Amino acid sequence: MISTYRKKFNQEFSQEKYNQVKEYLKQKSGIEPTFRISESPLFLTKDFKAKLIEASESIIDQIKALPQNVLQNAIPDNCRVPNDTEKPHFFTIDFGICKNENGEVEPQLIELQAFPSLYAFQRVFEDAFCDVYPFLSELRNTISPEDFKNHLRGLIVGEENPENVVLLEIYPEKQKTAIDFALTEKLLGIKTVCLTRVKKNGRKLYYENEGQLTEIKRIYNRVIFDELDRIPNLKTEFDFREDIDVKWITHPNWFFKISKFLLPLLQHPFVPKSYFLNEFPETEDLKNFVLKPLFSFAGSGVNLNPTKEITDAIEDKQNYILQRKVVYAPIFEDINGDFSKAEIRLLYIWPENNDRPILMENLARMTKAAMVNVDFNKKDAIWIGSSNAFFADE
């Protein structure tokens, strides 16, 4: 989308520099990325960024205006956690990069979450591109490294001692996002703890920290709560639904409240029309829609070509939505003259005393397949995988 930067990047690109980017990430984190790193960043215009921000601000306004009982209805009864909060600590919003009928590039909402994404990783990823391709530094994030760290520290650690704050995940060493855990530990001085290793005594939680039982006062939660029931023989000392003396960052209920559940309730030119499956009108054509379960992760359960037979067979129709299909635009040219499609996730934090969230970073994903998921790409494809977007005035 920005011809000068795309041309310069493609001219400077080499396999050696791609390896340098990955080596930079490994050196900073201490571990190898377990997901595919794209060879290229995205270059997006100031005008496109303005469209992203305007749409996001409108969506935030609409969410803030919703009655609390509407959001509460999104939480499955078996997943309600006590001591809910007025707002989420995190807010992320995904847009597909598309073209409208006039050929203009515009964003289209894909989904939104109040769940932590790869905040620490994406900042280092941006640094990696700038280190290997110095000309990119003129486009880098305007939030200084110190401000970025202080924002995250204030949100996650707060006034507590870092040893009383943990990043909580289930089997963290097996997660694809393990590199982000490692970078978060380095950035904030907190430990990553597996849910199975948390100890409970009364209303208090503890973990073993260098041989000593240490109280957990704040949890930077990376556990997808509703996925725990799918893990066979899982044994833990505490249940999320228990009333415990801990501060959740962010509270697990928000995973459900800010989710695909909201898509049928939002209105904006950059928000594709969506319906709950049980409310899908006969006037609409099913072939124009994508079927999505309300609560799924990394694209699981998505059906790009639903049929009436498929939708009729679903019993819990209230837990699915149909979202009007979004056509991603193949506009990101690689070194071979082929083009990738992409989507961009805006990573916000929402401090408790702030009326509105703060945009911290972005996460981009590139693909040449029907879905923005590396598993669906050909193995020899390039310009695919996890990326980062740079914005310019062009």
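The values are calculated or read from the model by the stated rules, or taken from the named source; none is laboratory data. Because the structure is a prediction, the values reported are computed rather than measured. For neighbour counting, all protein chains shown are included, and Cβ atoms are generated from backbone atoms with ideal geometry for every residue, glycine included.
One table, with the values for the structure above:
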| quantity | calculated |
| --- | --- |
| Some residue of region 197-209 being touching a residue at least 40 places away in the same chain (Cβ under 8 Å), in contact with an Asp or Glu (Cβ under 6 Å, 6 or more places away or on another chain) and loosely packed, with under 13 Cβ neighbours inside 10 Å | yes |
| Tabulated pairs, region 299-326, first touching a residue at least 60 places away in the same chain (Cβ under 8 Å), second among the small types (G, A, S) and in a helix (DSSP H, G or I), C-beta under 7 angstrom, 6+ apart or interchain | none |
| Region 178-211, residues that are closer than 29 Å to L25 by Cα and part of a strand (DSSP E or B) | K191, T192, V193, C194, Y207, E208, N209 |
| Residue under evaluation P252, criteria (1) in a loop (DSSP other than H, G, I, E, B); (2) assigned by TED's automatic domain parsing to the domain that holds F90; (3) surrounded by fewer than 20 Cβ atoms within 10 Å (Cβ to Cβ), criterion not met | (3) |
| Any pair with Cβ under 8 angstrom, 6 or more apart, that starts in region 130-145 at a residue that is free of Cβ contacts under 8 Å to residues at least 60 places away in the same chain and ends at one that is basic (K, R) and assigned to a helix (DSSP H, G or I) | P145/R123 |
| Residue among R123, R153 that is surrounded by fewer than 17 Cβ atoms within 10 Å (Cβ to Cβ), touching a residue at least 12 places away in the same chain (Cβ under 8 Å) and assigned by TED's automatic domain parsing to the domain that holds R345 | R153 |
| Among the residues listed as T214, T236, the single one being hydroxyl-bearing (S, T, Y) and assigned to a loop (DSSP other than H, G, I, E, B) | T236 |
| Residue match in region 206-219 (condition: basic (K, R), in the same structural domain as L42 (by TED's automatic domain parsing) and in contact with a Lys or Arg (Cβ under 7 Å, 6 or more places away or on another chain)) | yes |
| Selection count, region 191-214, where residues are in contact with a Phe, Trp or Tyr (Cβ under 8 Å, 6 or more places away or on another chain) and more than 20 Å from P252 (Cα to Cα) | 2 |
| Near pairs, Cβ below 9 angstrom, 6+ apart or cross-chain, from region 82-104 (in the same structural domain as D47 (by TED's automatic domain parsing) and more than 18 Å from S58 (Cβ to Cβ)) to any residue that is of a type in the set (S, T, N, Q) and surrounded by fewer than 19 Cβ atoms within 10 Å (Cβ to Cβ) | D84/Q72; E86/Q68 |
| Selection from region 109-159 of residues that are of a type in the set (S, T, N, Q), touching a helix residue (DSSP H, G or I) at 6+ places or on another chain (Cβ under 9 Å) and not in a loop (DSSP other than H, G, I, E, B) | Q113, Q122, S137 |
| V166 among the β-branched types (V, I, T), closer than 30 Å to K22 by Cα and touching a residue at least 12 places away in the same chain (Cβ under 8 Å) | yes |
| Qualifying positions in region 327-356 - in a loop (DSSP other than H, G, I, E, B), of a type in the set (S, T, N, Q) and touching a residue at least 40 places away in the same chain (Cβ under 8 Å) | N336 |
| Condition check for R36: surrounded by fewer than 19 Cβ atoms within 10 Å (Cβ to Cβ), within 17 Å of the chain's Cα centre (by Cα) and charged (D, E, K, R) | yes |
| Some residue of region 223-246 being assigned by TED's automatic domain parsing to the domain that holds Q72, among the polar types (S, T, N, Q) and without any contact (Cβ under 8 Å) to a residue 24 or more places away in the chain | yes |
| Selection within region 163-177 - over 19 Å from W248 (Cβ atoms), in contact with a Cys (Cβ under 9 Å, 6 or more places away or on another chain) and outside any loop (DSSP other than H, G, I, E, B) | E173 |
| Complete set of residues in region 262-277 that are in contact with a strand residue (DSSP E or B) (Cβ under 8 Å, 6 or more places away or on another chain) and closer than 21 Å to A74 by Cβ | L262, L263, P264, L266, H268, V271, P272, K273, S274, Y275, F276, L277 |
| Residue within region 26-42 that is touching a strand residue (DSSP E or B) at 6+ places or on another chain (Cβ under 9 Å), under 26 Å from F339 (Cβ atoms) and in a helix (DSSP H, G or I) present | no |
